[in-house]
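These notes are about the structure you will find just below.
The values are calculated or read from the model by the stated rules, or taken from the named source; none is laboratory data. Bear in mind the structure is a predicted one, so any value in this text is a computation, not a measurement. Positions of Cβ are backbone-derived with ideal geometry, glycine not excepted, and every protein chain shown enters the neighbour counts. SASA here: full protein model, heavy atoms, side chains in, ligands and nucleic acids out. Shrake-Rupley method; radii C 1.70, N 1.55, O 1.52, S 1.80 Å.
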Amino acid sequence: MADTPAITLHQPSMPESDLPAASIATDETPDDIHLWKLRRECRELSTRLAAIENSTIWRGTAPLRALIERLPWLARMAAIARRRTRRATPHADEVIAAPRELRQHIAGLHARTAHRVEDAVEPITFQTVSSPRVSIIIPTYGQDDYTLRCLASLALHAPQTPFEIIVMDDAYPDRADPAFFEKHVRGIEFRRAAHNLGFLRTCNAAAELARGDYLFFLNNDTEPMPGAIDALVALLDETPTIGMTGAKLIYPNGTLQEAGGIVWRDASGWNWGRGQNPESPEYNYRRDVDYISGAAIMLRRTLFESLHGFDETFAPAYYEDTDLAFRIRQAGLRVVYEPRAAVIHYEGISHGTDEATGGKAHQRVNARRMREQWAEVLDQDYFAGPDDLPRARDRAMHRRIILVIDHYVPEPDRDAGSRTIMGVLRSLVAANWVVKFWPQNRLYSPVYTPVLQDMGIEVIDSRWQGDLEDWLLARGDALDCILVSRPAVASAYLPALMACTEARLCLYGHDLHGVRLHRQAELTGDPDILRRAETMDRQECRLWRIFDASIYLSQAEADIASKLEPRGDYRVVVPYCFPTFTSRDHAPATTTILMVAGFAHPPNEDAALFMARQVLPLIHEQCPEATLVLAGSHPTAKILALASPNITVTGWIEDKTLHDLYETSRAAVVPLRYGAGVKGKTVEALHEGLPLTVTPIGAEGIEGLDAILPICPDARSIADDLLLLLRDDRVWLARSHAQTDFARAHFSEEAMRESVIAALIP
C-alpha cells in the first residue's frame, strides 16, 4: 500500500533567554519556573486589559456588547465568520524519539541476536503444544537473519496463549544449507515450497497446515513486542463481531509506521500515522479501519477458510490484505486496529520500497485491480482524498462524530457524575457514533483512560501537544456535535467552541447547579453560598441561551430550567442504565444499613452526618444492634471521624466489593437534605433490589418512585421506615421485587441509548 506523508505538530517552547536569570543559574525547580511564568503572564495580561478597557473603542462599543449578551447567537455567528478567514498553519517537522520502553526492547533484542547464528551455542527453542489456539504463520524468502530475529523475539516474549509457529520458505534459491532452520530453531513447523509460489500463495499454503483457532500472519522482518499476540487474541475472543484485527507497526527507530490503513476512492492507500509518535492519542484507541497491513494480522481460521484465503487475483503480492478486509466487511464483520499489540517492522526487506522496480511494482498493478473489483463500494463508502482525513481515519463516511468534554476521564466506580457520563459514552458507541473525549485536566489515567480507548474512544489528553482551539482548528470541520459536561467546563471552553467550530453545541448539565446551591444556602443560612448560587444562576442562564441544546436527567429539571430561561432548548435523557437485572428471593439476616456516596460532594457529606447524628440514634432506641456502613470515595475528615463500632467508613472500594455490600446489607438509605438532579445512589439501590429509604431530595427526578416506596422527609420517618425493613421479611421482599421491576422498566441500556441520541440530534 502507498505511504502517507509525515505530518507533525511542533509546539514552540520559551527561549532560555526569556527565563529569569536565577532559573538558569540555580537549582530552581520546574514548578518555580512555571509559577514565575504565570505571574509574569498575569502582569502582562492585566496591563493589556487595563489599556483595552480605557480605550475609546471599548467604551464606544458598550451598547453592542450589551446587545450580544442578550443575543448570544450573534456573537457565535461573528466568531464563525472570523474563523473562516483563518487557516491552521502547518508546523515544521520534528524528530520523534523512540519511547524508552521501545528503545530498551530493541537494544536488548538486538544485543542477543547480533552474533552470527551459525555460532550460537543453543538453538532458539519453542515448546510444542497439542492444541494451539494461534497458528503463527511466517512466510520467508531469504533474509534468514531477520527471520531468526523474529523467532528470537517470539521466544523471548512468548505469548500466554498456546501457539504453534509455521515457517514457510518460498523456495528461496540461494540457501546453501537446506537444513538451516532445523539446526538453529526447535519446536516449529518448517516447510519449504517445491517451487516459488509468491507471497500470497505461500501464505495460503501455510494456512492449510494450521491447527489453531486463529491465524496470525506475521512478516519475517518483524519483532512482536511483549503481549502483542495475547492482545489480538483477547480482542477476537471478547468480540465475535470482529472478523480481523491487527497490530500497531513501529519502525526500529521508534516512530510509527502504521496505525491501521486508509483506502481512498481510487483504491490508493495510506499508512495512517506514518512517521509520527506511536504514543500519541490518535494512534492508541481501538478503531474500525479500512485495512490493516498484512505484516501482522489475525483472524479466525474458519473465517479465512470460508473466504478461500487470500484472493489469488492479487498474486504474487500487494493488496491481498486490503481485499481480505473488504471481503470480511462484506461478510458482515468488522476489521479493527488493536493498539495494545505493537510490532516492530523493518519494511521492504524482501522487496524494497520502490514501487517502480522488483516485486514492489505489483503494488501499482494491484491497485488498479482493487479499484476495478471494488468500484461500487469505493464510490459509495470511501472518501476522495486527504482533504477528508479527519473523517476517513475513523471510517466516518456514514457516521456522526462527536467530541465530549468533561473535567476529567470518567471514574465510574468513584462518583455518580462519572457513571452518568460513562453511560452517555457507551450509548454513543453502541449507536455507532465516532467519539472523541477531551478531559479538561488533560491527565492520562493509567486506570481509566485505557477503558475508553478499548471502547473505541480517542482520549485527547496531554499526549497531544496543543490546546482545544488548536485541535478544533485542525479537526473541527469534521465534527457533527460537541457535548460539554458541567457549566464550569462549558464556560471555560466557550470562546474556543464559538470561534473554531460550527458543530452542534450541547450542554450536559448533570443537575441544576444554581438550584442545588440555593437549597444549600437555605439549609445553612450561609450568605457566601447564596452569592455563589446567584452567580451560578446567571452562568447557567447564559449557557442555556448559547448552547443549541441543554440536557438534563429529569423532566422536572428541564421544566425548572425552562422557567428560568425560556429561550433555551431543553432535552431529557435516561440518567443511568444497566445490562441485567436480578430479583432477590430472600432477605439477608443482618441489620446493616448501607449508604453509598462520593463524600467529597458537600450534599453527601451533610447527608452522612445527618444520618449518623440524628437518624441512627433513633434507630438504636429500638434496634441497638443496627450498624451503618458509609461506602464511597474521598471521605472527608468529618466523615472519617464518624467511624465507631456501629459505623464503618470504607473509603473507595471496587465494584465487586460494593456489589457484595449490596448483597449482604439489609437496607439502603439516601438521606439527602439538599442537592439537585437524579441521584445515582438511588438508582443503584433500585437496580440492586436492596430495599431503599429515601428523602424527597434523594427521590427527585425519578417519576413514579413514590408509588413503590414511601418518601421520608425527616429523621423520624427515615428511622421508622428503616426499622420496618430491618424487622419485616415480608415487607422487605415485596419492596425488593418492586424496586427491581421499576429499575428494569426505566433504566435499560436501550432506553438510555434512544434518549441520548434523541437529545443530541436537532
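Output yes when any residue across the range 643-664 is in contact with a helix residue (DSSP H, G or I) (Cβ under 6 Å, 6 or more places away or on another chain), open to solvent by 10 Å² or more (accessible area, probe 1.4 Å) and assigned to a loop (DSSP other than H, G, I, E, B), and no when none is. No: the range 643-664 contains no residue that is in contact with a helix residue (DSSP H, G or I) (Cβ under 6 Å, 6 or more places away or on another chain), open to solvent by 10 Å² or more (accessible area, probe 1.4 Å) and assigned to a loop (DSSP other than H, G, I, E, B). Of the set (1) touching a Gly at 6+ places or on another chain (Cβ under 8 Å); (2) closer than 18 Å to residue 192 by Cα; (3) hydrophobic (A, V, I, L, M, F, W, C), all apply to residue 148 but (1). Scoring residue 490 on the criteria (1) assigned to a helix (DSSP H, G or I); (2) in contact with a Pro (Cβ under 9 Å, 6 or more places away or on another chain); (3) crowded, with 21+ Cβ neighbours inside 10 Å leaves a single failure, condition (2). Selection of the range 520-554 for residues being touching a Leu at 6+ places or on another chain (Cβ under 6 Å), under 19 Å from residue 570 (Cβ atoms) and open to solvent by 50 Å² or more (accessible area, probe 1.4 Å) yields only 548.
Among residues of the range 329-366 being part of a helix (DSSP H, G or I) and either touching a Ser or Thr at 6+ places or on another chain (Cβ under 6 Å) or basic (Lys, Arg) (or both), the one that is modelled with the highest pLDDT is 329. Among the conditions (1) in contact with a Gly (Cβ under 8 Å, 6 or more places away or on another chain); (2) farther than 16 Å from residue 201 by Cα, residue 172 misses just one, which is (2).
Just name the residue that is modelled with the lowest pLDDT out of those in the range 265-283 that are of a type in the set (Gly, Ala, Ser) and in contact with a strand residue (DSSP E or B) (Cβ under 6 Å, 6 or more places away or on another chain).
Kept after step one, since they are of a type in the set (Gly, Ala, Ser), are these residues of the range 265-283: 267-269, 273, 275, 280.
Going one step further and asking which of them are in contact with a strand residue (DSSP E or B) (Cβ under 6 Å, 6 or more places away or on another chain), we end up with 269, 273.
Details: 269: 92, 273: 95.
For the range 265-283, the residue satisfying everything is 269.
In the set (1) touching a Lys or Arg at 6+ places or on another chain (Cβ under 7 Å); (2) on the phi > 0 side of the Ramachandran plot; (3) open to solvent by 30 Å² or more (accessible area, probe 1.4 Å), residue 308 fails one condition alone, (1). When you scan the range 420-435, do you find a residue that is outside any helix (DSSP H, G or I) and open to solvent by less than 10 Å² (accessible area, probe 1.4 Å), even just one? The answer is yes; a qualifying residue exists. Here the helices (runs of 4 or more DSSP H) wholly within the range 168-264 that include at least 2 residues being in contact with a strand residue (DSSP E or B) (Cβ under 6 Å, 6 or more places away or on another chain), in contact (Cβ under 8 Å) with a residue 60 or more places away in the chain and crowded, with 21+ Cβ neighbours inside 10 Å are 199-207, 228-238. Quick one: how many residues across the range 390-403 are buried (at least 19 other Cβ atoms within 10 Å of the Cβ), among the aliphatic types (A, V, I, L, M) and within 13 Å of residue 263 (Cα to Cα)? Summing the residues that are buried (at least 19 other Cβ atoms within 10 Å of the Cβ), among the aliphatic types (A, V, I, L, M) and within 13 Å of residue 263 (Cα to Cα) in the range 390-403 gives 2.
Yes or no: the range 138-145 includes at least one residue that is outside any strand (DSSP E or B), in contact with a Gly (Cβ under 6 Å, 6 or more places away or on another chain) and in contact (Cβ under 8 Å) with a residue 24 or more places away in the chain. Walk me through it before giving the result.
Taking the range 138-145 and keeping what is outside any strand (DSSP E or B), we get 141-145.
Next, only the ones that are in contact with a Gly (Cβ under 6 Å, 6 or more places away or on another chain) stay: none.
Looking for residues that are outside any strand (DSSP E or B), in contact with a Gly (Cβ under 6 Å, 6 or more places away or on another chain) and in contact (Cβ under 8 Å) with a residue 24 or more places away in the chain, one finds none in the range 138-145, hence no.
Scanning the range 632-642 for residues that are in a loop (DSSP other than H, G, I, E, B) and on the phi < 0 side of the Ramachandran plot yields 633, 635, 636, 641, 642.
Whenever a residue of the range 314-339 is buried (at least 23 other Cβ atoms within 10 Å of the Cβ) and hydroxyl-bearing (Ser, Thr, Tyr), its partners that are outside any helix (DSSP H, G or I) and at pLDDT below 95, lying with C-beta atoms within less than 8 angstrom and at least six residues away or across chains, give the pairs 318/1; 319/1; 322/1; 322/269.
Rundown of residues vs (1) more than 20 Å from residue 678 (Cα to Cα); (2) without any contact (Cβ under 8 Å) to a residue 60 or more places away in the chain; (3) in contact with a strand residue (DSSP E or B) (Cβ under 8 Å, 6 or more places away or on another chain), yes/no style:
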residue: 445; (1), (2), (3): yes, yes, no
residue: 449; (1), (2), (3): yes, yes, yes
residue: 453; (1), (2), (3): yes, no, yes
residue: 505; (1), (2), (3): yes, yes, yes
residue: 511; (1), (2), (3): no, no, yes
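Look through 505, 472, 517, 497 and report the one residue that is buried (at least 21 other Cβ atoms within 10 Å of the Cβ) and not in a helix (DSSP H, G or I). Please lay out each step first, then the result.
On the way: 472 fails: not in a helix (DSSP H, G or I); 517 fails: not in a helix (DSSP H, G or I); 497 fails: not in a helix (DSSP H, G or I).
It is 505.
Restricting 310, 326 to residues that are among the aromatic types (Phe, Trp, Tyr) and not in a loop (DSSP other than H, G, I, E, B) narrows the list to 326.
Of all the numbered requirements in (1) under 14 Å from the mean Cα position of the chain (by Cα); (2) not in a helix (DSSP H, G or I), residue 450 misses one, and that requirement is (2).
Kindly evaluate residue 149 against the criterion of being at pLDDT below 95 and either within 40 Å of the chain's Cα centre (by Cα) or crowded, with 23+ Cβ neighbours inside 10 Å (or both).
So residue 149 fits the description; yes.
If residue 269 meets every condition in (1) in contact with a Phe, Trp or Tyr (Cβ under 6 Å, 6 or more places away or on another chain); (2) open to solvent by less than 20 Å² (accessible area, probe 1.4 Å); (3) not aliphatic (A, V, I, L, M) apart from one, which number is that one? Unmet for residue 269, out of (1) in contact with a Phe, Trp or Tyr (Cβ under 6 Å, 6 or more places away or on another chain); (2) open to solvent by less than 20 Å² (accessible area, probe 1.4 Å); (3) not aliphatic (A, V, I, L, M): (1). Of the helices (runs of 4 or more DSSP H) entirely within the range 678-762, those holding at least 1 residues that are open to solvent by 50 Å² or more (accessible area, probe 1.4 Å) and closer than 30 Å to residue 481 by Cα occupy 729-746, 749-760. Among the conditions (1) touching a His at 6+ places or on another chain (Cβ under 9 Å); (2) modelled with pLDDT of 95 or more, the only one that residue 703 does not satisfy is (2).
Quick check on residue 463: is it in a loop (DSSP other than H, G, I, E, B) and within 31 Å of the chain's Cα centre (by Cα)? I'd like the intermediate steps shown before the answer.
Working: in a loop (DSSP other than H, G, I, E, B): yes; within 31 Å of the chain's Cα centre (by Cα): yes.
The answer is yes for residue 463.
The conditions are (1) open to solvent by 70 Å² or more (accessible area, probe 1.4 Å); (2) more than 21 Å from residue 282 (Cβ to Cβ), and residue 446 fails exactly one of them. Which is it? (2) is the only condition that residue 446 fails.
Selection of the range 590-618 for residues being open to solvent by 40 Å² or more (accessible area, probe 1.4 Å) and not charged (D, E, K, R) yields 590, 600, 601, 602, 614, 617.
Against the conditions (1) of a type outside the set (Ser, Thr, Tyr); (2) in contact (Cβ under 8 Å) with a residue 60 or more places away in the chain; (3) farther than 26 Å from residue 410 by Cα; (4) buried (at least 20 other Cβ atoms within 10 Å of the Cβ), residue 568 satisfies every one except (2).
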